[in-house]
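The values are calculated or read from the model by the stated rules, or taken from the named source; none is laboratory data. Just so it is clear, the model here is predicted, and its values are computed rather than measured. Glycine gets a Cβ as well: all are built from the backbone with ideal geometry, and neighbour counts include every protein chain shown.
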Amino acid sequence: MTIDTISESTQTSKHVILKVSSLSKHFKGLKAVNNVNLSVKSGELIGIIGPNGAGKTTFFNLISGFLKPEKGSKIMFNGDNIVGKRPHKLAKLGIARTFQLVRPFKFLNALENTTVPHIPKNTYVSSSVLKNKATWSLIEVDLAEKKNYPAFILPHGDLKRLDFARSLAVQPQLLLLDEPFSGLSHEEAFRVERLIRESNNKGMTIIIVEHKLKILMRLVQRVFVLHEGRLIGEGSPQEISNNQEVISAYLGSEAKEYV
Ligand SMILES: Nc1ncnc2c1ncn2[C@@H]1O[C@H](COP(=O)(O)OP(=O)(O)O)[C@@H](O)[C@H]1O
Ligand SMILES: [Mg+2]
């Protein structure tokens, strides 16, 4: 048995954490997500790429309950159909996401920002438990010393990590990251990359939407490619960079430079 086949068989022993079938979302006549079928195994680190407007953020909005898909769509999380469940409910079940555009509560400090969004409606959670989780996640993202700073004075790089901390605080099984490297300096991006690797090494399943392909392709194990709402390719970064349809829809002649 080669090392490759060993790691493959370890992979197959993991259960399917997310499986979407016939997933669609239309905005008036526009098919933003068009009949997507895919599945992700527990512990995988996945990338989603595709041109602007391909439906990547809409896909995340559907999985995390911010949008409701068309009839006939199925989203199975750990074997349960989660279509129609609200974001708070899904966070409780183990799905968290970050946003392409960070949107903190400007006048709350970093610690409060990490705590407040996770108080589910009609649920009592002791504030000390929440505070402990928030403090732990701020330490994880290296923002602990700024926990009392109001969000409006934090630079963009800190806000991206604050958003990350907010999703870590719910200790998700599945984490959806929407352009986690956008607007970051080389050094800040490296920090976030390390954070993603560490979370994945601890067993968290992570799906990343990203345009910075160099960093994404070295980070993820498998890539899905969306184009005009459709899934047009899936495979290892190496396979994706050799996929003709993906090259003509998105990667272009630079495809080989990313892997
Ligand atoms: N709330 C919305 N209402 C109408 N159209 C939308 C909405 N959200 C996204 N779209 C459209 O759906 C398509 C996919 O958008 P999006 O998922 O944001 O793409 P991506 O994240 O891949 O750039 C785009 O054409 C976008 O304009
Ligand atoms: Mg987007």
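Considering only region 213-241, how many residues are out of contact with any helix residue (DSSP H, G or I) (no Cβ under 7 Å at 6 or more places or on another chain) and surrounded by 15 or more Cβ atoms within 10 Å (Cβ to Cβ)?
10
Would region 150-160 turn up any residue that is more than 13 Å from the chain's Cα centre (by Cα), within 16 Å of ligand 2 (Cβ to nearest atom) and outside any helix (DSSP H, G or I)?
No.
Mind listing just one residue for me: the one in region 216-239 that is β-branched (Val, Ile, Thr) and either in a strand (DSSP E or B) or at pLDDT below 95 (or both) and, of those, nearest to MET204 (Cα to Cα)?
VAL223
So which pairs qualify, if the first residue must be in region 159-188 and in contact (Cβ under 8 Å) with a residue 12 or more places away in the chain, the second must be in a loop (DSSP other than H, G, I, E, B) and among the aromatic types (Phe, Trp, Tyr), the Cβ gap must be under 9 Å, and the two must be at least 6 apart or on different chains?
Between residues of region 159-188 that are in contact (Cβ under 8 Å) with a residue 12 or more places away in the chain and residues that are in a loop (DSSP other than H, G, I, E, B) and among the aromatic types (Phe, Trp, Tyr), the close pairs are LYS160/PHE181; ASP163/PHE99; ASP178/PHE99; GLU179/PHE99; GLU188/PHE181.
When you scan region 93-111, do you find a residue that is surrounded by fewer than 19 Cβ atoms within 10 Å (Cβ to Cβ), more than 16 Å from ligand 2 (Cβ to nearest atom) and either within 14 Å of the chain's Cα centre (by Cα) or under 21 Å from ILE196 (Cα atoms) (or both), even just one?
Yes; the residues of region 93-111 include at least one that is surrounded by fewer than 19 Cβ atoms within 10 Å (Cβ to Cβ), more than 16 Å from ligand 2 (Cβ to nearest atom) and either within 14 Å of the chain's Cα centre (by Cα) or under 21 Å from ILE196 (Cα atoms) (or both).
Being more than 16 Å from ligand 1 (Cβ to nearest atom), modelled with pLDDT under 95, over 23 Å from VAL40 (Cβ atoms) and crowded, with 21+ Cβ neighbours inside 10 Å, is that true of even one residue in region 165-185?
Yes, region 165-185 contains at least one residue that is more than 16 Å from ligand 1 (Cβ to nearest atom), modelled with pLDDT under 95, over 23 Å from VAL40 (Cβ atoms) and crowded, with 21+ Cβ neighbours inside 10 Å.
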